[in-house]
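Asker: Sharing a structure, written as structure tokens. Questions coming.
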Amino acid sequence: MKLGVFDSGIGGLLISKAIRSHMPEYDIVYTADTLHMPYGSRSRKAIYQYARKTMDFLFGTHDCKLVIIACNSATVAALRRLQREYLPQHFPDRYILGVVIPTVEEVYEHKYKRIGMLATQQTVYSGTYKEELEKLDPRVVLFQQAAPLLVPMIEHEGEKWIRPVLEEYLSPLMAENIEALILGCTHYTYLKEEIRSILGENIAILSQDEIIPRKLAHYFQRHPEREAVLSKNGDISLYFTDITQHYKRSAAHILEDDRIEIQAAWTYEEA
Ligand code: DGL
């Protein structure tokens, strides 16, 4: 059985890459719903429908035992419902993990109290991070900033113009004297260095490519029976709902593999 990783676009490839560098043995099936991205500005209802279709693909077609939703927007909009309604009904012996709880635990473990977060509109307006942080420690104060321009800029090779946009989004958070900044969208991992150069050295950056592999290793220790059924040939296969030259280039670049192929996840009927 496989380990599934799901994101709206290429952001989750960085998480997959990080998982592979910590635990190279697992076979990963990566699915990006590029046809419907950016998720961050879509409704909860739409994201749930898209995520559900991807779960059918990863569990049904690819026999995944465990799927990591490496997308914050999909985690906040769909994870709970998928775990409570979809899994028991369709795949009762499979599991789905999101990225919010591991990130919130990281904040708690470091005892940060004044936190900033940059995320998509969906993630900010859902209030999920605030709710989960306060459950662990009611003294935590979270300052959130929706950053709707970042994902489209990253997905369309717009990094060159990103600095002033980032400065605009980060300045209200920096004015709050935050101790740490959550990169609440997997795509922002690409911007870590640029963000670091704006924030300076005194504000910690919590980035999910560093958090998720470690938390996944702990999860496997706690659930050895789930880990034991995962196949271990070190393969990664990529399935996108829409494939363009740009995605092919980006995937090859991120995974540092020119021969990596992207396959069609499923085909929609011709109009
Ligand atoms: N990578 C996704 C996330 O972590 C969002 C990208 C998008 O808006 O589709 O929220």
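Asker: Spin-label point model (7 Å from Cα, Cβ direction): what's the residue 25 to residue 137 distance in nm?
Answerer: Going by the 7 Å Cα→Cβ label model, 3.4 nm.
Asker: Using a 1.4 Å probe on the protein chains only, how many percent of the accessible area of the chain belongs to carbon and sulfur? Numbers along the way, then the final one.
Answerer: Values: 6050 of 12430 Å².
Of the solvent-accessible surface of the chain, carbon and sulfur hold 49 percent.
Asker: If we sort 166-172, 101-107 on the protection proxy, mean other Cβ atoms within 10 Å, highest first, what's the order?
Answerer: Values: 166-172: 15.1, 101-107: 21.1.
Ranked from most to least packed, the peptides come out as 101-107, 166-172.
Asker: Return an integer: the convex hull volume of the alpha-carbon atoms of the chain, in Å³ per residue.
Answerer: Working: hull volume 35.4 nm³, N = 271.
Roughly 130 Å³ of hull volume per residue.
Asker: Give the lysines reachable from residue 160 as a straight Cα distance under 27 Å; neighbours fewer than 8 places away on the same chain don't count.
Answerer: Partners found: 17, 192, 248.
Asker: Please list the equivalent ellipsoid semi-axes of the stretch 1-152, computed as the square roots of five times the alpha-carbon gyration tensor eigenvalues, in descending order and whole angstrom. Don't jump to the answer; show the numbers that get you there.
Answerer: Details: eigenvalues 125, 61, 51 Å².
Semi-axis lengths for the stretch 1-152 are 25, 18, 16 Å.
Asker: A further question on this structure: How long is the gain from residue 41 to residue 174 if the chain were fully straight, where each residue apart is worth 0.36 nm and the alpha carbon distance is subtracted? If you can, show how the numbers build up before the last one.
Answerer: Numbers: separation 133, 0.36 × 133 = 47.88 nm, distance 2.44 nm.
Roughly 45.4 nm would be gained on extension.
Asker: Please list, in order along the stretch 121-131, the HN-Hα scalar couplings obtained from phi with the Karplus expression 6.51 cos²θ - 1.76 cosθ + 1.60 (θ = phi - 60°), rounded to whole Hz, x for Gly and Pro.
Answerer: Working through the residues one at a time gives 4, 4, 5, 5, 6, 5, x, 5, 4, 4, 4 Hz.
Asker: Let me ask another. Just the projected area, averaged over all directions, of the convex hull on the alpha carbon atoms of the stretch 72-176: how many nm²? Present the calculation step by step, with values, prior to reporting the outcome.
Answerer: Details: hull surface 32.8 nm².
Mean projected area for the stretch 72-176: 8.2 nm², to one decimal.
Asker: Calculate the translational D of the stretch 120-271 in whole µm² s⁻¹ from Stokes-Einstein, where the hydrodynamic radius comes from the Kirkwood formula applied to all Cα pairs, the temperature is 25 °C and the viscosity 0.890 mPa s. Write out the running numbers ahead of the final one.
Answerer: Details: Rh = 18.5 Å.
Translational diffusion coefficient: 132 µm²/s.
Asker: Related question: Just the accessible area per residue of the stretch 1-114, please: how many Å² with a 1.4 Å probe?
Answerer: Details: 4280 Å² over 114 residues.
Computed with neighbouring chains in place, this is 38 Å² per residue.
Asker: To the nearest 500 deg cm²/dmol, what mean residue ellipticity at 222 nm is calculated for the chain from DSSP H runs of n ≥ 4 alone, each contributing -39,500 (n - 2.57), summed and divided by the residues? Don't skip to the end; give the middle numbers.
Answerer: Numbers: 12 runs with 112 residues, N = 271.
Mean residue ellipticity, 222 nm, calculated: -12000 deg cm²/dmol.
The values are calculated or read from the model by the stated rules, or taken from the named source; none is laboratory data. Computed from a prediction, not measured in an experiment: that's the story for all the values here. Please note: Cβ atoms are built from the backbone with ideal geometry, for glycine as well, and neighbour counts cover all protein chains shown. What goes into the accessible areas is simple: the full protein's heavy atoms, side chains included, and nothing from ligands, DNA or RNA. Shrake-Rupley method; radii C 1.70, N 1.55, O 1.52, S 1.80 Å.
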